[in-house]
Amino acid sequence: MGLTEKEKDINYGICILRIIFSFQVVMVHCNGGSFFYWIGSAVPFFMLTSFYLTYNTFNKSNYINIKRRISRICIPYFGYAFISFVIISFLEVITTKHIVSYTDLLWQLLLGSSKLNPPLWFLSNLIICSAIIFLVSKYSLNKNKLFIIILITSFFIQYTGINSFIFSNLRFEIKWPLGRIIEMIPYACAGTLLASSGILKKIHSNILAMFTICILLLFFKTHSIPTPTGFYNQGIQMFINTILVFPLFYLANFEKLNTDIKKFILYISNYSLGIYCIHHIIILIYENTTNYSGTSFIRGSTIYILSLFFSILISKIPFKWAASLVR
C-alpha cells in the first residue's frame, strides 16, 4: 500500500529526530546513558519543532486557533497529572511504600513538575510560550523583529545570571518549570521565524545548503561558546546546535526512503508525545517493583518499548481525547 496524500507531505527527517530524541529523554531519565547527545538535546528540539509546525496557528492571529492549541496541550498536561497520581497511589497500596502525596498532585497541576511526573514541565512551558508567541503575532506591527528582540533578551537574561539568581534557590517544583521559560522562549521564536521565512522549503534537498550546515556544525562542535548557569537548556551553544541540526534533518531527502520504512518511521514518531509523558510513570513502577540489575542500556530500552506499547494502547481507547494524550 502506498502513502496517502497527507503522508507524502510529511517531513521524515523531523520524524526521525522525534524518535531519536524521545529515546534520548527516556535513556537520560532512567540513567540508561546519554545516547545521541552528539546530535543535540531533546527538549529544545521539541520546542522549536512545535512552533515551526504550528506556525499557521499563530500567523492567523485567531483566538479560536490559539484556544484550540492550548486546549489540546492541556489534555496531556492535566490528564497525565491525574493518571500518574492514580497509578502511583495504587502502586503505594501494593508495595506499602509512600511515594507521592496530594501536595505533589497540586504542584503537578499548577506548574507541571513534581515527584509525580516532572517531565511535564515542558507542557507548561509550551502553553506559556504559545501565549507569548500568539500575543506578539496578534498585536505587534513588526512581529519578526520583536521575536528577534525577545530571543536576544532571553540570552541577555541568561548570561547576566538574572534567570539563575531568581529561580535557582526555589523548591524544585517551581525552579525547573519557571526557570526554564527564559531558556525555552528562544526556541519558540526560532521555530516561528524559520517557518515564517519559508527558507527550508525553498532549499529542500539542496546539497550545498546541507554541506554548509555540516561545516557550521563541525565548527561549533569544536569551538565551544561559554554556557551560563541555568537549568540544563541554557546558552547559545545549545541554541546554535539545535537550529543547525533541525534544518539538516529537514533538508535531507528522507522522503526517498522505502515506503514501508517511511510508514514505520511515521508510526513510531506519532507516539513521541505519549512516550515523553508516560515514561516517568513506568520508571517509578519499575523502580518500586523490581530488583532488576541489568545493563543501563537494556533498562532504558525496556522503558522506551513499554512507553511506546502503552501509548499505542491508549490511542485505541474509543474517545477523541485519548488520541490527544499520546499524539
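Kindly establish whether ALA195 is in contact with a helix residue (DSSP H, G or I) (Cβ under 7 Å, 6 or more places away or on another chain), in contact (Cβ under 8 Å) with a residue 40 or more places away in the chain and over 25 Å from ILE127 (Cβ atoms).
Answer is no for this residue.
Quick grid of which residues meet (1) crowded, with 19+ Cβ neighbours inside 10 Å; (2) out of contact with any strand residue (DSSP E or B) (no Cβ under 9 Å at 6 or more places or on another chain); (3) not in a helix (DSSP H, G or I):
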| site | (1), (2), (3) |
| --- | --- |
| ALA195 | yes, yes, no |
| SER224 | no, yes, yes |
| PHE231 | yes, yes, yes |
| GLN234 | yes, yes, yes |
| GLN237 | no, yes, no |
| LEU273 | yes, yes, no |
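Per-residue answers, yes or no, for (1) charged (D, E, K, R); (2) in contact (Cβ under 8 Å) with a residue 60 or more places away in the chain; (3) assigned by TED's automatic domain parsing to the domain that holds CYS189:
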position	(1), (2), (3)
ILE14	no, yes, no
ILE19	no, yes, no
CYS30	no, yes, no
PHE58	no, yes, yes
TYR63	no, no, yes
ARG69	yes, yes, yes
PHE78	no, no, yes
LEU91	no, yes, yes
LEU109	no, no, yes
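Only one residue in SER307, SER311, SER301, SER324 is in a helix (DSSP H, G or I), polar (S, T, N, Q) and touching a Pro at 6+ places or on another chain (Cβ under 9 Å). Which one?
So the residue among SER307, SER311, SER301, SER324 that is in a helix (DSSP H, G or I), polar (S, T, N, Q) and touching a Pro at 6+ places or on another chain (Cβ under 9 Å) is SER324.
Just to be sure before I move on: is ILE182 aliphatic (A, V, I, L, M), surrounded by fewer than 19 Cβ atoms within 10 Å (Cβ to Cβ) and either closer than 30 Å to LEU106 by Cα or within 23 Å of the chain's Cα centre (by Cα) (or both) in the structure I sent?
No: the conditions fail for ILE182.
Would you point out which residue out of LEU151, LEU91, LEU116, LEU135 is surrounded by fewer than 21 Cβ atoms within 10 Å (Cβ to Cβ), aliphatic (A, V, I, L, M) and either over 23 Å from the mean Cα position of the chain (by Cα) or over 24 Å from ALA190 (Cβ atoms) (or both)?
After ruling out the rest, the residue left standing is LEU91.
If I filter segment 251-271 down to residues being within 17 Å of the chain's Cα centre (by Cα) and either outside any helix (DSSP H, G or I) or of a type in the set (Phe, Trp, Tyr) (or both), which single residue comes out as surrounded by the most Cβ atoms within 10 Å (Cβ to Cβ)?
Residue satisfying both the conditions and the ranking: TYR271.
Please verify whether ILE157 is more than 22 Å from the chain's Cα centre (by Cα) and free of Cβ contacts under 8 Å to residues at least 24 places away in the same chain, treating the condition exactly as stated.
no
Can you tell me how many residues in segment 281-302 are at pLDDT below 95 and either within 18 Å of the chain's Cα centre (by Cα) or under 19 Å from CYS74 (Cβ atoms) (or both)?
0
For segment 220-245, how many residues are under 15 Å from TRP38 (Cβ atoms) and of a type outside the set (S, T, N, Q)? I'd like the intermediate steps shown before the answer.
The first filter runs over segment 220-245 and keeps only residues under 15 Å from TRP38 (Cβ atoms), leaving 220-222, 224, 237-238, 240-242, 244-245.
In the following step, the residues that additionally are of a type outside the set (S, T, N, Q) were identified as 220-221, 238, 240, 244-245.
Residues meeting the conditions: 6.
For PHE58, which of the numbered conditions (1) crowded, with 19+ Cβ neighbours inside 10 Å; (2) closer than 30 Å to GLY198 by Cα; (3) modelled with pLDDT of 90 or more fails to hold?
Among (1) crowded, with 19+ Cβ neighbours inside 10 Å; (2) closer than 30 Å to GLY198 by Cα; (3) modelled with pLDDT of 90 or more, the lone unmet condition for PHE58 is (3).
The values are calculated or read from the model by the stated rules, or taken from the named source; none is laboratory data. Computed from a predicted model, the values in this text were never measured in an experiment. Cβ coordinates were reconstructed from backbone atoms using ideal geometry, including for glycine residues, and neighbour counts include every protein chain displayed.
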